[in-house]
């Protein structure tokens with residue numbers, strides 16, 4: 001027989017953890033770290049997302065066409081400096097379901113920009 005106790009508030013000061021917490025069954029139930037970690041891992045492994053990474057720049061061109069072959073225009077494109085890891089502002093045009101065109105205001109140096117495409 002389960003005993004139900006009702007409290008108006010609980011003070012966990014000095015308590016390091018809650019023990020024997022069952023897996024949630026309702027939206028408002030608490031969850032353990034292990035349960036949440038597993039749920040996140042399951043969502044990631046079941047997603048259809050892929051990632052393609054390019055290193056670009058030649059000191060001459062301001063526009064680069066990158067063939068990602070992801071089969072969709074629904075992609076997220078992020079560019080950053082290869083050494084400082086700071087984001088770079090670029091213009092992105094989704095030219096097809098398998099390619100994007102990246103444009104810079106001035107030519108980036110040889111292999112100075114990393115472009116990550118997720119879709």
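Considered as a group, the residues in region 100-119 that are more than 20 Å from the chain's Cα centre (by Cα) and part of a strand (DSSP E or B) include one that is nearest to residue 62 (Cα to Cα), and that residue is 103.
The residues of region 52-69 that are out of contact with any strand residue (DSSP E or B) (no Cβ under 7 Å at 6 or more places or on another chain) and either farther than 15 Å from residue 102 by Cβ or assigned to a strand (DSSP E or B) (or both), listed by number, are 59, 69.
Identify the single condition in (1) in a strand (DSSP E or B); (2) touching a residue at least 60 places away in the same chain (Cβ under 8 Å) that residue 49 does not satisfy, given that it satisfies every other one. (1) is the only condition that residue 49 fails.
Taking residues in region 83-106 that are on the phi > 0 side of the Ramachandran plot and surrounded by fewer than 13 Cβ atoms within 10 Å (Cβ to Cβ), and partners anywhere that are assigned to a strand (DSSP E or B) and at pLDDT 95 or above, the pairs with Cβ atoms closer than 9 Å and at least 6 places apart or on different chains are 85/114.
The values are calculated or read from the model by the stated rules, or taken from the named source; none is laboratory data. Remember, predicted model here, so these are calculated numbers, not experimental data. For neighbour counting, all protein chains shown are included, and Cβ atoms are generated from backbone atoms with ideal geometry for every residue, glycine included.
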